[in-house]
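Participant: Take this structure first; my questions come after.
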Amino acid sequence: MGFSYLKSDPIFDNNITLYAVYNNVGGLQTGTSVTINGFTVGKVKDVKFKDKTGDLLVTFNVNNDFAFSKNSIVELYDTGIIGGKGLRINPIFDGTANVQDYDTLVSNTRLGITELLQQKLNPLQLKVEGAVSNADSLLMNFNDILNEKTKRDLRESISGLNSLVKSFQNSASTLNGLLEKNKGQLDSTIININAITGNFAKLSDSLANAGLAETMRSLQSTVSNLDLLLGKIEKGDGSLGKLMKNEELYDNLANASRELDLLLQDFRLNPKRYVNVSVFGKKQKEYELPENDPAHKNE
């Protein structure tokens, strides 16, 4: 009784004894608290080998005031970052029989931070090692490709590129100096361009106010009427149309014009035939046809 008192175990308690089996307890100590939802409900009483397989049997007691199913799980977990293991019960209320004294609960081990990091880092370590190996192979192949001639050509190319960059820098400096010297002229040119632009804007306003749109509409109407007139002439409508389409009228006009020419010629050559004033009763001369008169052809 004194030994139990010194161990902080109550002499007369209302606890039940339960068991859990683990393949590794991670240094779980007797006297470690057993909790449910963070509340201490018991302690670890004993840890020993269960059989020749090496599995460990953990004996712990739990206050019988809180009832839960015998299908509940007792979990082994890390109590802190620097180590230490504890037990906690994840109670299940599934309507089955409640846990009884000396029952063995289902055990589970929750990985600690160290184990989780190892699980996450091991694949990453393998990938890094593979990447390093591939990088070594790539560098070896690259060194094989870059023989002495290639290295020399590469150095010459880099040297040429440096010279080109210096040339660009000199050109940029020259251009900056040129712009600096002609800054006043460039400003004047820009001002003149602004003035010209303003004048063009005024000219555009003047053309708009001058009724250019109305003039264009009138011109369009005139062109339409002219097209209509030409169409009528082409069809033979009106005097001009008949003159263009009626060949007989054209021939008659041509013959009349030719006869009028002959008449005027004869009148100029023989005026007495047409104007004859006889004072003393002279006889009138007979009419002679001109040489070009069509009547000669009829003869």
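Read-outs throughout are calculated quantities, based only on the coordinates presented, and are distinct from any laboratory measurement. Given the structure is predicted, the values throughout are model-derived calculations rather than measurements. Every residue, glycine among them, receives a Cβ derived from its backbone with ideal geometry; neighbour counts consider all protein chains shown.
Participant: Taking the Cβ-Cβ separation of T53 and N14 as r and a Förster radius of 35 Å, what is the calculated FRET efficiency to the nearest 0.05?
Facilitator: It comes out at approximately 0.55.
Participant: If I model a spin label as a point 7 Å beyond the Cα along the Cα-Cβ vector, how far apart are those points for S167 and L249 in nm?
Facilitator: For the pair S167/L249, the computed spacing is 8.3 nm.
Participant: 7 Å from Cα along Cα→Cβ at both E156 and V21: what's the point-to-point distance in nm?
Facilitator: Label at E156, label at V21, 8.0 nm between them.
Participant: Contour minus end-to-end for L138 and Q220, with contour as 0.36 nm per residue of separation and end-to-end as the Cα-Cα distance?
Facilitator: Length gained between L138 and Q220: 21.6 nm.
Participant: Counting only other residues whose beta carbon sits under 12 Å from that of S69, what net charge do I get with K and R as +1, D and E as -1?
Facilitator: Residues close to S69 contribute a combined charge of -1.
Participant: Under a plain spin-label model, where a point goes 7 Å from the Cα along Cα-to-Cβ, how far apart in nm are D237 and F39?
Facilitator: With each label point 7 Å from Cα toward Cβ, the separation is 11.3 nm.
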